[in-house]
Structure formats: C-alpha cells, structure tokens
1. Give the residue that is farthest from residue 12 (Cα to Cα), with candidates limited to residues of the range 42-63 that are touching a helix residue (DSSP H, G or I) at 6+ places or on another chain (Cβ under 9 Å) and modelled with pLDDT of 75 or more.
2. How many residues, within the range 1-19, are in contact with a helix residue (DSSP H, G or I) (Cβ under 9 Å, 6 or more places away or on another chain) and modelled with pLDDT of 75 or more?
3. Of the residues that make up the range 64-86, is at least one at pLDDT 75 or above, part of a helix (DSSP H, G or I), within 26 Å of the chain's Cα centre (by Cα) and surrounded by 10 or more Cβ atoms within 10 Å (Cβ to Cβ)?
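The values are calculated or read from the model by the stated rules, or taken from the named source; none is laboratory data. None of these values were measured; they are calculated from a predicted model. Using ideal geometry, Cβ is built from the backbone for each residue, glycine included, and neighbour counts are taken over all protein chains shown.
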C-alpha cells in the first residue's frame, strides 16, 4: 500500500472515529480494545480491500470556467506608474 493511501486512510479513520464511538454500542468496541495495534491495522487493511474507490470519492471536479474574451488590446498594455505620475504632474501645472 502506498504511503499516500495510508495517510488518507488514517485521516478518514480519525475523522469518523468520534462519530462511530457515539453511534455504535460499546459491545462492538470491546473486542478491539484488547487487540494489538498491528492486529487492528491488519483488520483495517482487510476492510479497505473491500472498498470501491469511486463510491468513497467526495470531491467532484466541476466544469471548467469560461475564459473571458476581451475586445481590443487594452488589457495587454502596460501602464508605467512613473510615466502616469509625470503626466499628471505636468497637467496640474
């Protein structure tokens, strides 16, 4: 199993752990309290092999945003701040 997949699995477990403790009765958790971390890890891997990734996917990519088409070339012109200030000073005099 890749490192990234293990990290995602660990994050998913951490995020749902608190809710599972509340939702599931204590009798379900008792056998796991006595297990070693390695045994729990093996059980999680066994459960993870049964998961179909497309059913767990949460973020869907949306359609691409439309590009804004501008008329003319004014958006390509660079305006030098120093030149604009010089022009403004000359107009004020």
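1. Quick first cut of the range 42-63, residues touching a helix residue (DSSP H, G or I) at 6+ places or on another chain (Cβ under 9 Å) only: 43-45, 48, 56.
If we keep only those that are modelled with pLDDT of 75 or more too, we end up with 43-45, 48.
Details: 43: 15, 44: 12, 45: 13, 48: 11 Å.
Per the criteria, the residue is 43.
2. 1
3. For the range 64-86, residues at pLDDT 75 or above, part of a helix (DSSP H, G or I), within 26 Å of the chain's Cα centre (by Cα) and surrounded by 10 or more Cβ atoms within 10 Å (Cβ to Cβ): absent.
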